[in-house]
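Undergrad: Got a structure for you, questions after.
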Amino acid sequence: MASRARRRRAPGPVWIFDLDNTLHDANPHVFPHLNRSMTMYLERHLGLDTDGANALRVQYWHRYGATLLGLIRHHAVDPHHFLRETHAFPELQRAILRHPLLRSVLMRLPGRKLVFSNAPVHYSRAVLRLLRVSDLFDDVFTIEHTRFRPKPDPAGFRRLLRKHRLHPRACIMVEDTLVNLKAAKRLGMKTVWLGPAARVPAHVDVSIRILAQLPRHLPRLHPR
C-alpha cells in the first residue's frame, strides 16, 4: 500500500473502487468458484444436500445482499471461518483476468485511491497483487472492516469515511453494482457505473462500459 506521506500529498479527489467486476472480470472464474464453495460450505456445516444448500445460499443472498449475513443471523456461523473457507483459491492466478491497460488507467486518475470490497481482506489483497496494482492503492477496506455490514449498508461506508477522515463530497465511487452506487450517492459521493448503459439511473453521474473509458470523464467528475 502507498505511504502515508504520499497519501497526504496526493492532489485531487478520493477514488473508491469496488474490486470484483470493477478492477477485474470475476464472472468467468471467480464467481462460479465462490458459488460452488459457498454451497459446499452450507452442505458441510448445515447438513444440507446440494440442492437445499444452493437454494439457501441464493435465498440469503437475495434477502440480505450477502449469503454470509443470513448465516450469521440464522445459524451463528463464524464469519471469519466462512470467508476463509469459501475464498480459498488453490490457483487464484488462473482465475484472475488482468486487463493490460488497468495500471496505466489508474495512474491517469489524480488523487488517492482506495478499494472497498465485500470480499475478505486476504482475497482482496491477493487479487490486487495479481493485477499488479496493489501499490497504487492507499487502503483495502473489506467486509471485516465494516464489522460485517457490507455494501450497500451505509454503516460500512461511514466506517470507511471515518477511518480515512473523508468528506463524501470529496469521493468518487466506481462500481458495477447499482444498489451500492445508490448508497454512495445518498451520502454525497460522485458515482461511476461500470456496466451496460441502456438506461442510466439518476444516482449515476457517469456510466462507462470498460474502466479504460474513465479518464475521459474526469472533467465531469472532478472539474478543475
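The values are calculated or read from the model by the stated rules, or taken from the named source; none is laboratory data. No experiment lies behind these values; they were computed from the predicted model shown. Don't worry about glycine lacking a Cβ; one is built from the backbone with ideal geometry, like all the others, and counts go over all protein chains shown. SASA here: full protein model, heavy atoms, side chains in, ligands and nucleic acids out. Shrake-Rupley method; radii C 1.70, N 1.55, O 1.52, S 1.80 Å.
The rows are residues; the columns are (1) aliphatic (A, V, I, L, M); (2) farther than 18 Å from L106 by Cβ; (3) touching a residue at least 12 places away in the same chain (Cβ under 8 Å).
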residue: R162; (1), (2), (3): no, yes, no
residue: L178; (1), (2), (3): yes, yes, yes
residue: K190; (1), (2), (3): no, no, yes
residue: V204; (1), (2), (3): yes, yes, yes
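Undergrad: Something else about it: Going through the stretch 75-117 one residue at a time, which ones are open to solvent by 70 Å² or more (accessible area, probe 1.4 Å) and free of Cβ contacts under 8 Å to residues at least 12 places away in the same chain?
TA: Result: A76, D78, P90, E91, P100.
Undergrad: While we're looking at this one, here's another question. Please state which of the following conditions D153 fails to meet, knowing it meets all the rest: (1) in contact with a Cys (Cβ under 9 Å, 6 or more places away or on another chain); (2) open to solvent by 20 Å² or more (accessible area, probe 1.4 Å).
TA: That leaves (1) as the condition not met.
Undergrad: If you don't mind, there's one more thing I want to ask. So R209 passes all but one of these: (1) touching a Pro at 6+ places or on another chain (Cβ under 8 Å); (2) more than 21 Å from H24 (Cβ to Cβ); (3) surrounded by fewer than 18 Cβ atoms within 10 Å (Cβ to Cβ). Which condition number does it fail?
TA: Result: R209 fails condition (2) only.
Undergrad: Continuing with this model, one more query. Within the stretch 188-206, work out how many residues are surrounded by 17 or more Cβ atoms within 10 Å (Cβ to Cβ) and hydrophobic (A, V, I, L, M, F, W, C).
TA: Here the count works out to 6.
Undergrad: Within the stretch 44-68, count every residue that is buried (at least 18 other Cβ atoms within 10 Å of the Cβ) and either in contact with a His (Cβ under 6 Å, 6 or more places away or on another chain) or modelled with pLDDT of 95 or more (or both). Steps first, please.
TA: Here is the first cut: in the stretch 44-68, the ones buried (at least 18 other Cβ atoms within 10 Å of the Cβ) are 53-54, 56-57, 60, 65-68.
Subset that is either in contact with a His (Cβ under 6 Å, 6 or more places away or on another chain) or modelled with pLDDT of 95 or more (or both): 53-54, 56-57, 60, 67-68.
So the answer is 7.
Undergrad: Can you work out which of the residues in the stretch 164-176 that are touching a residue at least 24 places away in the same chain (Cβ under 8 Å) and open to solvent by 10 Å² or more (accessible area, probe 1.4 Å) is farthest from P79 (Cα to Cα)? Spell out the reasoning first.
TA: Pass one, the stretch 164-176, residues touching a residue at least 24 places away in the same chain (Cβ under 8 Å): 164, 166, 170-176.
So of that shortlist, the ones also open to solvent by 10 Å² or more (accessible area, probe 1.4 Å) come out as 164, 166, 170, 176.
On the way: H164: 25, L166: 28, A170: 32, D176: 25 Å.
So the residue we want is A170.
Undergrad: For S124, all conditions in the list (1) touching a residue at least 60 places away in the same chain (Cβ under 8 Å); (2) open to solvent by 10 Å² or more (accessible area, probe 1.4 Å) hold save one; what is the number of the exception?
TA: Only one criterion in (1) touching a residue at least 60 places away in the same chain (Cβ under 8 Å); (2) open to solvent by 10 Å² or more (accessible area, probe 1.4 Å) is unmet by S124, namely (2).
Undergrad: Please enumerate the residues belonging to the stretch 127-154 that are without any contact (Cβ under 8 Å) to a residue 40 or more places away in the chain and assigned to a helix (DSSP H, G or I).
TA: R129, L130, P154
Undergrad: So, one more: It is to be established whether one or more residues within the stretch 195-215 are touching a Gly at 6+ places or on another chain (Cβ under 8 Å) and among the hydroxyl-bearing types (S, T, Y). Even if it seems obvious, please write down each step before you answer.
TA: Of the stretch 195-215, the ones touching a Gly at 6+ places or on another chain (Cβ under 8 Å) are 207, 209.
Okay, now just the ones that are also among the hydroxyl-bearing types (S, T, Y), so 207.
The answer is yes; a qualifying residue exists.
For every residue, the table says whether it meets (1) at pLDDT 95 or above; (2) within 28 Å of V30 (Cα to Cα); (3) acidic (D, E).
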| position | (1), (2), (3) |
| --- | --- |
| S124 | yes, yes, no |
| V127 | yes, yes, no |
| S134 | yes, yes, no |
| E144 | yes, yes, yes |
| P150 | no, yes, no |
| R159 | yes, yes, no |
| P168 | yes, no, no |
| M189 | yes, no, no |
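Undergrad: Do any residues in the stretch 16-30 that are under 17 Å from S207 (Cα atoms) have Cβ atoms under 9 Å from those of residues that are of a type in the set (S, T, Y) and open to solvent by 30 Å² or more (accessible area, probe 1.4 Å), where the two are at least six apart or on different chains, and which pairs are they?
TA: These pairs meet every condition: D18/T177; N21/T177; T22/T177.
Undergrad: Can you pull out every residue in the stretch 155-173 that is within 20 Å of A66 (Cβ to Cβ) and in a strand (DSSP E or B)?
TA: Of everything in the stretch 155-173, just one residue is within 20 Å of A66 (Cβ to Cβ) and in a strand (DSSP E or B), namely M173.
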